[in-house]
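**Q** Take a look at the following structure, please.
The values are calculated or read from the model by the stated rules, or taken from the named source; none is laboratory data. The model shown is predicted, which means the values in this text are computed figures rather than measured ones. Ideal geometry is used to build each Cβ from the backbone, glycine not excepted, and the neighbour counts take in all protein chains shown. Calculation scope for accessible area: heavy atoms of the full protein, side chains included, ligands and nucleic acids excluded. Shrake-Rupley method; radii C 1.70, N 1.55, O 1.52, S 1.80 Å.
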Amino acid sequence: MRASEKELPIGFMDSGLGGLSVLIEAVREMPSEDFLYFGDSANAPYGTKSQEEIKRLTYDVVRMLLKRGIKGLAVACNTATSAAVRSLRGDYPALPIVGIEPAIKPAVEKNKGGRIIVLATPMTIAQEKYRKLVERYKGDTDLVSVPCPGLMEFVEEGDLNGPDLERYFEEHLERYLTPDTETIVLGCTHYPFIRERLREYLKNDGIDIIDGSLGTARELKRRLSEKGLLRSADRKGRIIMENSDREGKKTERGRILLERAGIEL
Ligand code: DGL
């Protein structure tokens, strides 16, 4: 390995701002690393597009990141992961690549008999990969998958506290909530940014709201460490955030989301 490879940033991609929820955990886990984050907001949402289109868009972003130079890749988008990660691993075998999938395994593992509700994009839920994931872990738990078209847009638009979000929950989620609902799985990387609003809406401290961002960040660290690609701890890493959105608003919104998590650009 060339010394310089270690010095390259870790690439992150998502259809927009959602992957920042994974980036936040990755920065906490690996503060001395540099990160190059690309949000494809100009082509968002991915979650209502066809698999071929999502794959094509994902490859476009990944090729661009590789051209810039990255030592590892996080596909920080459940939708892009289900559409493209397998084929990406085949095409770039030397590159450590991690994807993200709805945190069904941990939800089932800690289940005490109540309902599990999984919120994800229509595309993630429609995929064969998702069906297999559910089949593998569900057992006899009461698990309900709820496609949420239009939910990621609240995060993209920075509308995290308004009444429209509450209306969205009323229309799309309310009918699935049972008195024994135990866990809600946020199966799209945009959704952790609406967690607090969802918690308020549920008015029920007993429901656990989980996501896979920390697990994905740790897996990324493990994969980079295995290849000897982690930098030494005596430096503070940099974050470069870019977006295909031409108005320039998304990068500013992303900066605010990071800042709220205590991460400065
Ligand atoms: N953030 C993406 C995910 O994790 C999808 C949002 C979208 O583009 O529909 O699935």
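**Q** If I ask for residues that are near the ligand (Cβ under 10 Å from one of its atoms), among the hydroxyl-bearing types (Ser, Thr, Tyr) and open to solvent by less than 10 Å² (accessible area, probe 1.4 Å), which ones from the range 22-47 would you list? Quick ask: steps written out before the conclusion?
**A** Our first condition is that a residue be near the ligand (Cβ under 10 Å from one of its atoms); within the range 22-47, this holds for 22, 39-41, 43-47.
Narrowing further to those that are among the hydroxyl-bearing types (Ser, Thr, Tyr): 41, 46.
Scanning the range 22-47 gives a single hit, TYR46.
**Q** Out of curiosity, is SER50 open to solvent by 40 Å² or more (accessible area, probe 1.4 Å), out of contact with any Ser or Thr (no Cβ under 8 Å at 6 or more places or on another chain) and at pLDDT 95 or above?
**A** Working: open to solvent by 40 Å² or more (accessible area, probe 1.4 Å): yes; out of contact with any Ser or Thr (no Cβ under 8 Å at 6 or more places or on another chain): yes; at pLDDT 95 or above: yes.
Judged against the criteria, SER50 is a match.
**Q** When the range 179-191 is examined, which residues are found to be surrounded by fewer than 16 Cβ atoms within 10 Å (Cβ to Cβ) and under 17 Å from VAL108 (Cα atoms)? Step through it out loud before you land on a result.
**A** Initial filter on the range 179-191 (surrounded by fewer than 16 Cβ atoms within 10 Å (Cβ to Cβ)): 179-180.
Correct list: ASP180 only.
**Q** Can you tell which of TYR130, TYR168 is open to solvent by less than 30 Å² (accessible area, probe 1.4 Å), within 16 Å of the ligand (Cβ to nearest atom) and within 20 Å of ILE207 (Cα to Cα)?
**A** Values: TYR130 fails: within 20 Å of ILE207 (Cα to Cα).
That would be TYR168, the only listed residue that is open to solvent by less than 30 Å² (accessible area, probe 1.4 Å), within 16 Å of the ligand (Cβ to nearest atom) and within 20 Å of ILE207 (Cα to Cα).
**Q** Are any of the residues in the range 192-208 over 26 Å from LEU257 (Cα atoms) and of a type outside the set (Lys, Arg)?
**A** In the first step, residues of the range 192-208 are kept if they are over 26 Å from LEU257 (Cα atoms); the result is 206.
Those left that are additionally of a type outside the set (Lys, Arg): 206.
Yes, the conditions are met somewhere in the range 192-208.
**Q** Considering each of GLU153, GLU135 in turn, give the residue that is more than 16 Å from the ligand (Cβ to nearest atom) and open to solvent by 40 Å² or more (accessible area, probe 1.4 Å). Before you say what the answer is, go through the steps one by one.
**A** Details: GLU153 fails: more than 16 Å from the ligand (Cβ to nearest atom).
Residue meeting the stated conditions: GLU135.
**Q** Also: Kindly check whether there is at least one residue in the range 222-236 that is buried (at least 16 other Cβ atoms within 10 Å of the Cβ) and free of Cβ contacts under 8 Å to residues at least 40 places away in the same chain.
**A** no
**Q** Does THR216 satisfy the criteria of being touching a residue at least 24 places away in the same chain (Cβ under 8 Å), open to solvent by 10 Å² or more (accessible area, probe 1.4 Å) and either of a type in the set (Phe, Trp, Tyr) or within 19 Å of THR121 (Cβ to Cβ) (or both)? First the steps, then the outcome.
**A** On the way: touching a residue at least 24 places away in the same chain (Cβ under 8 Å): yes; open to solvent by 10 Å² or more (accessible area, probe 1.4 Å): yes; either of a type in the set (Phe, Trp, Tyr) or within 19 Å of THR121 (Cβ to Cβ) (or both): yes.
Considered against the rule, which asks whether it is touching a residue at least 24 places away in the same chain (Cβ under 8 Å), open to solvent by 10 Å² or more (accessible area, probe 1.4 Å) and either of a type in the set (Phe, Trp, Tyr) or within 19 Å of THR121 (Cβ to Cβ) (or both), THR216 comes out as yes.
**Q** So, one more: Looking at (1) within 20 Å of SER41 (Cβ to Cβ); (2) open to solvent by less than 40 Å² (accessible area, probe 1.4 Å); (3) touching a residue at least 24 places away in the same chain (Cβ under 8 Å); (4) not acidic (Asp, Glu), can you tell me which one ILE116 breaks?
**A** Status for ILE116: all satisfied but (1).
**Q** Considering only residues of the range 1-21 that are touching a residue at least 24 places away in the same chain (Cβ under 8 Å) and farther than 20 Å from ARG238 by Cα, which is most open to solvent (accessible area, probe 1.4 Å)? Can you show your working first?
**A** To start, the set of residues in the range 1-21 that are touching a residue at least 24 places away in the same chain (Cβ under 8 Å) comprises 1, 5-21.
Filter again for farther than 20 Å from ARG238 by Cα, leaving 1, 15.
Numbers: MET1: 139, SER15: 6 Å².
It comes out as MET1.
**Q** Report yes if ASP91 is touching a Pro at 6+ places or on another chain (Cβ under 7 Å) and more than 16 Å from the ligand (Cβ to nearest atom), otherwise no. Please lay out each step first, then the result.
**A** On the way: touching a Pro at 6+ places or on another chain (Cβ under 7 Å): no; more than 16 Å from the ligand (Cβ to nearest atom): yes.
Spelling it out, it is not the case that ASP91 is touching a Pro at 6+ places or on another chain (Cβ under 7 Å) and more than 16 Å from the ligand (Cβ to nearest atom).
**Q** Please work out which residue is nearest to the ligand (Cβ to nearest atom), limiting yourself to the range 60-77 and to residues that are open to solvent by 10 Å² or more (accessible area, probe 1.4 Å) and of a type outside the set (Lys, Arg). Give the steps one after another, and end with the answer.
**A** Looking only at the range 60-77, we keep the residues that are open to solvent by 10 Å² or more (accessible area, probe 1.4 Å), and these are 60, 63-64, 66-70.
In the following step, the residues that additionally are of a type outside the set (Lys, Arg) were identified as 60, 64, 66, 69-70.
Details: ASP60: 14, MET64: 18, LEU66: 21, GLY69: 24, ILE70: 19 Å.
Among those residues, the one meeting the criterion is ASP60.
**Q** Let me ask something else about it. Based on what the data block shows, is ALA107 away from the ligand (no atom under 13 Å from the Cβ), open to solvent by less than 10 Å² (accessible area, probe 1.4 Å) and either among the β-branched types (Val, Ile, Thr) or at pLDDT 95 or above (or both)?
**A** Values: away from the ligand (no atom under 13 Å from the Cβ): yes; open to solvent by less than 10 Å² (accessible area, probe 1.4 Å): yes; either among the β-branched types (Val, Ile, Thr) or at pLDDT 95 or above (or both): yes.
Against the criterion (away from the ligand (no atom under 13 Å from the Cβ), open to solvent by less than 10 Å² (accessible area, probe 1.4 Å) and either among the β-branched types (Val, Ile, Thr) or at pLDDT 95 or above (or both)), ALA107 qualifies.
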